[in-house]
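Step one of this worksheet: look at the structure below.
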Amino acid sequence: MGIELTVLHWIYVLFILLIIFFMVRRLDTTLISILGIFVIAIVATGNFTSSISSIFNSFIYAITELLSTILIISIIVAMSRVLTKTGINEVMVAPFTKIIKNPTLGFWTIGLLMMIISWFFWPSPAVALLGAVLLPVAIRAGLPALGVAMAMNLFGHGIALSSDFVIQGAPKLTADAAGIPVGDVVTASIPLVITMGVVTTIVAFYLLKRDMKKGKLELVGTYDNGTEQETTEDLLTMKQKKFFAVLIPAAFILDVVAMALFDLQGGDATALVGGTSVFILLLLCIIAYKKKGLDQTTSYFINGFQFGFKVFGPVIPIAAFFYLGDSGFLTIIGDYLPSSSHGIVNDLGVALASIVPLTTEVAVVTLTGVGAITGLDGSGFSGISLVGSIGSLFGTAIGEGTATLTALGQIAAIWVGGGTLIPWALIPAAAICNVSPFELARRNLVPVVVGLIVTTIVAVFII
């Protein structure tokens with residue numbers, strides 16, 4: 001096949017297996033990832049000092065690759081907090097409260113609204129923007145607090161976060177690890193996201209309605225979570241709130257139109273949304289806080305960056321390791337692979353294809369399984385570099401479907417770990433609805449598992 005596997009390839013495989021093992025045991029994989037970078041560097045270079053330096057250089061490489069994603073999420077979170085503090089969020093969602101007349105309309109209205117807002121604002125801030133306003137309305141319409149939490153959770157941390165069509169943080173991580181363009185992963189994920197979303201939400205709604213008829217669910221949440229909700233301050237007049245409630249969605253809709261007209265994807269699309277968010281943040285701070293606007297702007301930015309690095313802090317060391325599987329090796333360590341090499345992951349894929357009769361079915365099931373395993377840490381993002389790397393490996397082995405396999409692994413990882421099944425990842429939605437995160441995870445289990453099974457089957461036919 002013209003591919004020469006070296007000890008570096010086998011060390012890379014060994015550490016992938018160790019990372020999977022640690023994830024299965026629900027242990028942190030940061031130490032293993034850093035150790036993997038060091039061992040690969042010292043075996044390749046034979047130089048202890050440069051190997052120590054490679055750890056730091058790999059972090060710089062990973063941060064450089066992920067900086068646009070960290071930045072956009074930080075800015076959007078900062079902006080969303082201004083919206084909550086000024087009460088603009090209440091005015092923005094007020095028209096939708098008139099639609100919620102019964103439990104069915106409540107579930108689907110809250111869910112779809114949560115999905116749309118999460119694409120632009122990220123799910124955790126979207127929960128804060130929506131939950132406090134729509135929860136009492138939904139309860140009055142007869143939808144239990146647990147049903148509200150399920151709707152926000154499945155549509156926000158499930159559909160929106162796993163697809164991430166606008167901000168493109170998740171596709172960026174998986175695409176980089178797989179060595180393919182972000183647009184390929186986004187395009188390949190569309191039918192899978194639709195399948196997973198439709199199946200999961202319909203099953204969840206059916207089971208919810210069934211238990212409501214049996215009288216098993218209390219309307220009001222009674223879980224003592226001790227979470228403090230951000231309070232609204234009287235900073236703007238109602239006229240100003242209404243103006244911004246129209247201006248802000250219009251600005252983001254224009255961004256989407258511009259993306260379509262000028263074919264903006266990946267970093268260009270992210271930059272457009274980010275720049276719009278910065279202008280909105282600055283405008284709101286100046287008008288709301290007047291003379292204190294400059295100080296408040298800095299304060300909101302600091303809060304946003306704290307959130308962004310809190311989310312991506314655990315991801316950086318893990319992503320740094322998986323970048324070694326593709327183009328990052330040359331930049332971080334140097335030209336130490338054989339001249340015929342196309343990157344460690346591609347080499348392993350070609351070798352695997354020549355040794356094991358790998359089928360599409362095996363590849364698809366494996367990616368779903370690995371994705372679900374990587375989500376067990378409750379992050380959802382810490383393991384999607386792994387599924388990108390394995391997606392590239394299997395895609396090369398079977399000769400097709402790298403983007404679909406990568407997207408499938410991404411969906412499985414985020415649905416499990418991003419906030420629908422792991423209790424400690426469910427806290428934002430559970431807290432605002434005052435329900436137990438453990439009960440919410442239990443309610444989500446059957447719908448999500450059914451959705452993953454159906455989506456996996458669909459992926460086989462797509463490839």
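Okay, here's what the table says:
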| read-out | value |
| --- | --- |
| Longest DSSP-loop-exposure-free segment, GluC sites (Glu not before Pro), the chain, at most 15 other Cβ within 10 Å | 5-217 |
| Most to least packed among 13-25, 124-136 [average Cβ atoms within 10 Å] | 124-136, 13-25 |
| Net charge of Cβ neighbours under 15 Å - reference LEU134; Lys, Arg +1; Asp, Glu -1 | +2 |
| Cα-based shape type of region 109-239, given that a ≥ b ≥ c are square roots of the gyration tensor eigenvalues and the cut on a/c is 1.5 | oblate |
| Added length on full extension, which subtracts the Cα-Cα distance from 0.36 nm per residue, TYR336 to ASP28 | 107.9 nm |
| Proximal lysines relative to LYS290, as straight alpha-carbon distance under 29 Å, when same-chain residues fewer than 8 apart are discounted | LYS85, LYS239, LYS241, LYS242 |
| Ratio of Rg to Rh over region 1-147 (Cα coordinates, Kirkwood Rh, two decimals) | 1.23 |
| Degrees separating the helix 103-121 axis from the principal Cα axis of the chain, which is the longest one | 50 |
| Per-residue [θ]222 nm for the chain (sum of -39500 (n - 2.57) over DSSP H runs n ≥ 4, rounded to 500) | -24500 deg cm²/dmol |
| On Cα atoms only, tilt of 169-178 relative to the major axis of the chain in degrees | 10 |
| Rotationally averaged projected area of the chain (alpha carbon convex hull; nm²) | 22.6 |
| Prolate/oblate/rounded label for region 12-80 (Cα gyration tensor, a/c 1.5) | oblate |
| Relative packing of peptides 36-45, 79-88, 288-297, 169-178 - highest average C-beta neighbours within 10 Å first | 169-178, 79-88, 36-45, 288-297 |
| Surface share of carbon and sulfur [accessible, 1.4 angstrom probe, percent] for the chain | 67 |
| In degrees, nearest ten, helix 266-289 long axis to first principal axis of the chain (Cα) | 30 |
| For the chain: accessible area per residue (Å², 1.4 Å) | 41 |
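The values are calculated or read from the model by the stated rules, or taken from the named source; none is laboratory data. Since we're looking at a predicted model, the values are computed, not measured. Virtual Cβ from ideal backbone geometry, glycine too; neighbours counted across all protein chains shown. In case anyone asks, the SASA skips ligands and DNA or RNA and just uses the protein heavy atoms, side chains included. Shrake-Rupley method; radii C 1.70, N 1.55, O 1.52, S 1.80 Å.
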